[in-house]
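The block underneath contains the structure these notes are about, expressed in structure tokens.
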Amino acid sequence: MGKEYGVDLDALDQVVKELNQVLKDMGGPKDKAKNQTFLPDGALGKGFEERDRMHNAHNQMKDYIEQNIVGMIESMIDDFGKKSKQTKDHYEDAEHDNTMK
């Protein structure tokens, strides 16, 4: 007779809930990266090349942080949360089907 394995559906459900909370919490860093790192056009002065390079570098880094760091982390957490929920749902369905037999 083979060993039987069980899946703790409550634990999977807790993982999904916690990941959803992390996504909610990600709104803070996302908002800061998007709205609280603004560098006004004239803040570094006007009419010299270094100012333009610095301003452009700031905007490029701001976009990089928003999209490639915060956005990527957010996307990864969302994907893992969705996959965890799917896994839990599949196990629940299988458990339900087994009790009906």
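The values are calculated or read from the model by the stated rules, or taken from the named source; none is laboratory data. For clarity, every value in this text was computed on a predicted model and none was experimentally measured. Quick reminder, even Gly has a Cβ in these numbers, built from the backbone with ideal geometry, and neighbours come from all protein chains shown. For the accessible areas, the whole protein counts, side chains as well, though only heavy atoms, and no ligand, DNA or RNA atoms are used. Shrake-Rupley method; radii C 1.70, N 1.55, O 1.52, S 1.80 Å.
Taking 25 Å as the limit for the C-alpha separation, the pairs LYS24/LYS82; LYS17/LYS62; LYS24/LYS85 exceed it in the case of LYS17/LYS62. Global size of the stretch 23-101: 22.2, 79 Å for Rg and Dmax (C-alpha atoms, Rg to one decimal, Dmax whole). Across the chain, C-alpha contacts under 8 Å between residues 6 or more apart give a mean separation that, scaled by the residue count, equals a relative contact order of 49 percent.
Counting only DSSP H runs of at least 4 residues, each contributing -39500 (n - 2.57), and dividing by the residue count of the chain, the helix-based mean residue ellipticity at 222 nm comes to -24000 deg cm²/dmol.
Here the chain exposes an accessible surface that is 54 percent carbon and sulfur, computed with a 1.4 Å probe and the other protein chains kept in place. Taking the average, over residues, of other Cβ atoms within 10 Å as the packing measure, peptides 24-31, 63-70 rank 63-70, 24-31 from highest down.
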